[in-house]
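What follows is a single structure, written as structure tokens, with notes after it.
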Amino acid sequence: MDRSPDTPQAPAEPGIQNAPPEGGSVPYAGGGRHEHRWLILAVIGLAQLMVVLDATIVNIALPSAQRDLGFSDGDRQWIVTAYSLAFGSLLLLGGRIADLVGRKAVFLIGLAGFAVASALGGAATGFEMLVIARALQGMFGALLAPAALSLLTTTFTDPKERAKAFGVYGAIAGAGGAVGLLLGGVLTEYLDWRWCLFVNLAFAVVAMLGGARLLIGGRPADRPQLDVPGTALVSVGLFCIVFGFSKAETHDWGEAQVWGFLVAGVVLLAVFAWFETRAKHPLLPLRVVLDRDRGASYLAMFIAGAGMFGVFLFLTYYLQQILQYSPVSTGVAFLPMVACMVVSSIITTNVLVPKLGPKPIVPLGMALAALAMVWLTFLDLDSSYAAHVLPPLLVQGVGMGMIFATGMNLATSGVAAHDAGVASAMVNTSQQVGGSIGTALLNTLATTAATNYLVGKRPTPLVRANAAIESYSTAYWWSAAFFAVGVVVTLLLYRAGPPKATSGEGAVHM
């Protein structure tokens, strides 16, 4: 879906603020000339890191929280599920609210709400209080994440500076899970599990002070109206999808509470897609998703979200259960991958994509990620970190950096001001739903592999350890398959050649 470039705005003189359009949210011509733009990137990046790491930081704290609050193993999954359900089902609504109310206001509200919810969770005196706090975290995270990305989109519109900004942001989004593992391990081991929630107050306060000082308020002049039926359809549909896959982690796929929710979710999302073609003010205009590069980017984020859990989840199990690493050592073990992801993200967006375009870059990232997952299948009881774990981790970091930085950049490029929030929300929704599906599928496949391995064998410690290795290997193979599909999908969908840069908000138009 090709579009003509927006009318260029007059350039701002260095350090001089242009008058914003009435009701507009981008106060500087070209956005990228904002004199505090790099500080804004730091504020937005800090907020995004808080949201992303919260998906994994609490996992490390769960055993301690369970002992402290006295809830059962069956209840334990709800500490994670409550967050993912609220976050995943409300993201598109949160993105549209940012378009309606104003990105700065929604960003600050999201930060404040997330901080209060985190404080409530850290002070939890029982299971119910902790679950409510996690659900509130997800709800305010669904406001915060799309607002953060759309603010980045409208602040950096100069192609070169946008590339640098999205390289950093993509690295944060991709590496946040690993940072959460490390921070969760440190806080749980040296302080208390409650600090895995209290630490968000520090992130939120710094980001709120910076956001209040640096960001410019206002709403788009051509604000969209809220699509209430579409909002209800997609929110309930996404809730059913995420809930169904969450239940699949602990229940049989043949149970009604698993397949029933999944079928209902698919039907509701299909009805939502049909309704959006007829709605006067659609929540998710088809122009946002039908652009080839944007559509390919959403699919890339979905596939990467599903596949990367093979690394974070099962390699964490391997390091702790087989190599006997502590939580802190496990987090440190992922840092080289994070470093490679950061470097790869920056080089990709600044050098490779501007010259070659996304078509060779994202498929190559998918291929490297698939190679890393296959490499991990060779791990056994006698493997060591330096010789056998570290090399595929480095390859994985390079590949994920190429996927995340490019995908996030192009998924929000060329979007009109009144669609920036919902386009940004689609990025997070794709990754979140992909992660939910990947976690459920890989858990099920790994558990089945371990059970099958134990059939007819005496369950000695050695046999159980080998069963665990078999389950991890199965998960890695399936993760590799996800990324292999990603290679094909992104090769077919992305346009050839570098993106075309133009002036105006949403600088890159495809």
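The values are calculated or read from the model by the stated rules, or taken from the named source; none is laboratory data. Since we're looking at a predicted model, the values are computed, not measured. Here the Cβ positions follow ideal geometry from the backbone for every residue, glycine too, while neighbour counts run over all protein chains shown. Calculation scope for accessible area: heavy atoms of the full protein, side chains included, ligands and nucleic acids excluded. Shrake-Rupley method; radii C 1.70, N 1.55, O 1.52, S 1.80 Å.
Kindly indicate the residue of the stretch 458-478 that is part of a loop (DSSP other than H, G, I, E, B) and farther than 23 Å from residue 252 by Cβ and also least open to solvent (accessible area, probe 1.4 Å) among those meeting that condition.
460
This table checks each residue for (1) open to solvent by 10 Å² or more (accessible area, probe 1.4 Å); (2) aliphatic (A, V, I, L, M).
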| position | (1), (2) |
| --- | --- |
| 52 | yes, yes |
| 59 | yes, no |
| 69 | yes, yes |
| 79 | no, yes |
| 104 | yes, no |
| 115 | yes, yes |
| 123 | yes, yes |
| 128 | yes, no |
| 138 | no, no |
Exercise for the section: Mind telling me which of the residues 258, 266 ends up being touching a residue at least 12 places away in the same chain (Cβ under 8 Å) and open to solvent by less than 20 Å² (accessible area, probe 1.4 Å)? Expected result: 258
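Mind listing whichever residues of the stretch 123-149 are of a type in the set (Asp, Glu) and closer than 16 Å to residue 88 by Cβ?
Those that are of a type in the set (Asp, Glu) and closer than 16 Å to residue 88 by Cβ: none in the stretch 123-149.
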Problem - Residues being farther than 19 Å from residue 49 by Cα and either open to solvent by less than 10 Å² (accessible area, probe 1.4 Å) or not in a helix (DSSP H, G or I) (or both) - total across the stretch 338-362 - result: 6
Handout entry: Check on residue 225, under 30 Å from residue 155 (Cβ atoms), over 25 Å from the mean Cα position of the chain (by Cα) and open to solvent by 70 Å² or more (accessible area, probe 1.4 Å)
Key = yes
Problem - Unique match (being open to solvent by less than 40 Å² (accessible area, probe 1.4 Å), in contact with a helix residue (DSSP H, G or I) (Cβ under 9 Å, 6 or more places away or on another chain) and closer than 14 Å to residue 51 by Cβ) among 163, 171, 142 - result: 142
Completion exercise
Exception for residue 382 within (1) open to solvent by 30 Å² or more (accessible area, probe 1.4 Å); (2) in a helix (DSSP H, G or I) falls at (2)
Exercise for the section: Confirm whether residue 121 is assigned to a helix (DSSP H, G or I), over 17 Å from the mean Cα position of the chain (by Cα), modelled with pLDDT of 85 or more and on the phi < 0 side of the Ramachandran plot. Expected result: yes
Problem - Selection within the stretch 182-202 - open to solvent by 10 Å² or more (accessible area, probe 1.4 Å) and under 19 Å from the mean Cα position of the chain (by Cα) - result: 182, 183
Practice task
Look through the stretch 228-255, keep the residues that are free of Cβ contacts under 8 Å to residues at least 12 places away in the same chain and closer than 30 Å to residue 418 by Cα, and return whichever of them is surrounded by the most Cβ atoms within 10 Å (Cβ to Cβ).
Solution key: 232
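Does residue 143 meet the test of being part of a helix (DSSP H, G or I) and free of Cβ contacts under 8 Å to residues at least 60 places away in the same chain?
yes
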Practice task
Filter the helices (runs of 4 or more DSSP H) completely within the stretch 266-337 down to those with at least 2 residues that are more than 21 Å from residue 406 (Cα to Cα) and touching a Leu at 6+ places or on another chain (Cβ under 7 Å).
Solution key: 292-317, 327-333
Fill in the blank from the handout: In the set 98, 61, the lone residue that is in contact with a Pro (Cβ under 8 Å, 6 or more places away or on another chain), at pLDDT below 85 and in a helix (DSSP H, G or I) is 98
